[in-house]
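Chemist: First, the structure itself, so that you have it in front of you.
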Amino acid sequence: MARGISRRVPGNTSRYPFSRVITPMLATLVCLVLATTAPAAEQPVAIFHAFDQSFTDVKAFVCDLADQGYSHVQVTPAQKSNPSPEWWARYQPVDYAVIEGKGSEADLRSLVARAHECGVKVLADVVFNHMANLPEFASLDFPGIDHTNFHSRCPISYTDGNRTTEIRCWLGGELPDLDQTRPAVQAAHRAHLERLMALGIDGFRFDAAKHIPAEVVGQYVDLIDQRSGGKAWNYLEVIEDGDTKATDYNGVAAVTDFVLYTSLKNAFSFGGDLRSLRVPIAVDDPRSVTFGRTHDNIRELSAQAINPYDDRTDALLATTYVLAREQGTPLVLNWDNHDSPAVREGVKFRQIMRQRAAAGGEVRENVLAVVDKPTILIMERGGEGFYLVNKAAEKLDLPVLDLTLTSLEGCYRELRNDFNVAIERRDGKKFVTRWGTWSRGGLEVQGRDALYFIREPWSQCQMR
């Protein structure tokens, strides 16, 4: 979203308008037909958001992302935009026919080629809702899109009971809103998508998608599917408000899960209760893009940041939780990946869990109730691994931990600190009998920290 200028409050799956009246039986039939005719792109393991980074810089480290476990990297919007060096200027298009800003077309082609050599796919951010607000374009005559292709200026209401202003009015009252029904607008957008796909782009993020009619976004996704043979992976920025729900758009593609974000912010912030995440409130879609924070939630980037954390460490811990889950498609901000070893290990943990699932392992997520504290969360991933987070400032030290009613048993290795944990049966129950050494059981975790454990052969616990 450009500049965070739109204040949105998080709060019928419909790809096209007629779907609002489809009967449940017909809806099921339609889903079955689509499932058999349109191949689904592989869901990312994790997406690295190369926020405000140049194509050349991303090329230099993209193979390191593959080693960390990332399957996708998301690059900054590629079209020619507002020339300001500020990050939000990339979200104010000037000319969709020109790739310019964080690198040239040649730079982007070179990045994509290098990423593909390393097995990383590249997602492009596209900004189709609006254009730039610049004095030289005050007449709203842009290259390929003249003033006849814009809606009249008007303010957006997010609580008036309909989505008319969301679709027709200027974002933040200042960014010119494109009329998505106009042939010139659609032609410019389709050409931009095709240019990026010709460079090898593997999928797209649609910025401010909730301000574009779902059927129009659906037409663009159809084009992408046709050109890619169904192999491209796409998602839409949809921030819920009083008039818009994620389900208005997740029939088109995966959507950003700002519902889960609010749940995480409440749980991980000071005074919050991690036990609320035993059944988290989230968008009911396993594809949804999940995150501890994005560039829209950072107060330092925008005075109108959306529901930002007061403490950045809370956001980092929330990101570790997102990476531990089976559900969702984690999006990790470049800053957070750089600053938090726990986040980096979370990406590797997620990759390993995906690999083990593909090999037939049981990796279903389940938040355990074995420690009844508001600051502690333990999540098992079937019997293949588990995750532990302590959001309190103080270390937690439990001499005994009963895991009888869990799927966990055997030897597990913690990825970042490389120590072993043994879970064994004793007198008909299961306990942690080794935590690092055989001299202690239970668990120990430092304050403000998260740990990831993967199952290893039992011989590994006997060796160390």
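The values are calculated or read from the model by the stated rules, or taken from the named source; none is laboratory data. Note that the coordinates shown come from a computational prediction; the quantities given were computed from them, not determined experimentally. Here the Cβ is made from the backbone with ideal geometry for all residues, glycine too, and neighbour counts use every protein chain on show.
Chemist: Could you pull out the residue among V122, V127, V112, V94 that is in contact with a Gly (Cβ under 6 Å, 6 or more places away or on another chain) and buried (at least 19 other Cβ atoms within 10 Å of the Cβ)?
Modeler: On the way: V122 fails: in contact with a Gly (Cβ under 6 Å, 6 or more places away or on another chain); V127 fails: in contact with a Gly (Cβ under 6 Å, 6 or more places away or on another chain); V94 fails: in contact with a Gly (Cβ under 6 Å, 6 or more places away or on another chain).
Step by step, each of V122, V127, V112, V94 is checked, and only V112 is in contact with a Gly (Cβ under 6 Å, 6 or more places away or on another chain) and buried (at least 19 other Cβ atoms within 10 Å of the Cβ).
Chemist: Output yes when any residue across region 421-443 is among the charged types (D, E, K, R) and within 35 Å of the chain's Cα centre (by Cα), and no when none is.
Modeler: no
Chemist: Could you look through region 80-100, keep only residues that are in contact with a helix residue (DSSP H, G or I) (Cβ under 6 Å, 6 or more places away or on another chain) and not polar (S, T, N, Q), and pick out the one that is farthest from V45 (Cα to Cα)? Can you show your working first?
Modeler: Let us first name the residues in region 80-100 that are in contact with a helix residue (DSSP H, G or I) (Cβ under 6 Å, 6 or more places away or on another chain), namely 81-82, 96, 99.
Restricting the remaining residues to those that are not polar (S, T, N, Q) gives 96, 99.
On the way: Y96: 30, I99: 28 Å.
So the residue we want is Y96.
Chemist: Sort out which residues of region 179-201 are surrounded by 15 or more Cβ atoms within 10 Å (Cβ to Cβ), under 26 Å from the mean Cα position of the chain (by Cα) and aliphatic (A, V, I, L, M), and write them in order of number.
Modeler: L193, L196, M197, L199, I201
Chemist: Specify which of the listed residues (P44, P39, P77) is at pLDDT 95 or above, in a loop (DSSP other than H, G, I, E, B), under 30 Å from Q327 (Cβ atoms) and out of contact with any helix residue (DSSP H, G or I) (no Cβ under 7 Å at 6 or more places or on another chain).
Modeler: On inspection, the qualifying residue turns out to be P44.
Chemist: State whether one or more residues within region 319-332 are closer than 16 Å to F258 by Cβ, outside the structural domain of P399 (by TED's automatic domain parsing) and surrounded by fewer than 20 Cβ atoms within 10 Å (Cβ to Cβ).
Modeler: yes
Chemist: State all residues of region 413-443 that are farther than 25 Å from Q351 by Cβ, of a type in the set (D, E) and either surrounded by fewer than 17 Cβ atoms within 10 Å (Cβ to Cβ) or in contact with a Phe, Trp or Tyr (Cβ under 6 Å, 6 or more places away or on another chain) (or both); if no residue qualifies, say none.
Modeler: D427
Chemist: Do you know which residues across region 97-109 are buried (at least 23 other Cβ atoms within 10 Å of the Cβ) and either polar (S, T, N, Q) or assigned to a helix (DSSP H, G or I) (or both)?
Modeler: L108
Chemist: Here is a list of conditions, (1) farther than 26 Å from L264 by Cα; (2) over 23 Å from the mean Cα position of the chain (by Cα); (3) exposed (fewer than 14 other Cβ atoms within 10 Å of the Cβ); (4) at pLDDT 95 or above, and D397 meets all of them except one; can you say which number that is?
Modeler: Single failed check for D397: (1).
Chemist: Given the structure, is T313 farther than 22 Å from Q53 by Cα, among the polar types (S, T, N, Q) and out of contact with any Ser or Thr (no Cβ under 7 Å at 6 or more places or on another chain)?
Modeler: Considered against the rule, which asks whether it is farther than 22 Å from Q53 by Cα, among the polar types (S, T, N, Q) and out of contact with any Ser or Thr (no Cβ under 7 Å at 6 or more places or on another chain), T313 comes out as yes.
Chemist: Sticking with this one: Would you point out the residue of region 202-248, among those that are among the β-branched types (V, I, T) and in a loop (DSSP other than H, G, I, E, B), that is surrounded by the fewest Cβ atoms within 10 Å (Cβ to Cβ)? Quick ask: steps written out before the conclusion?
Modeler: Going residue by residue through region 202-248, those that are among the β-branched types (V, I, T) are 212, 216-217, 221, 224, 238-239, 244, 247.
Cutting the leftovers down to in a loop (DSSP other than H, G, I, E, B) gives us 212, 238-239, 244.
Numbers: I212: 24, V238: 31, I239: 24, T244: 20.
Step by step, filter region 202-248, then rank; the result is T244.
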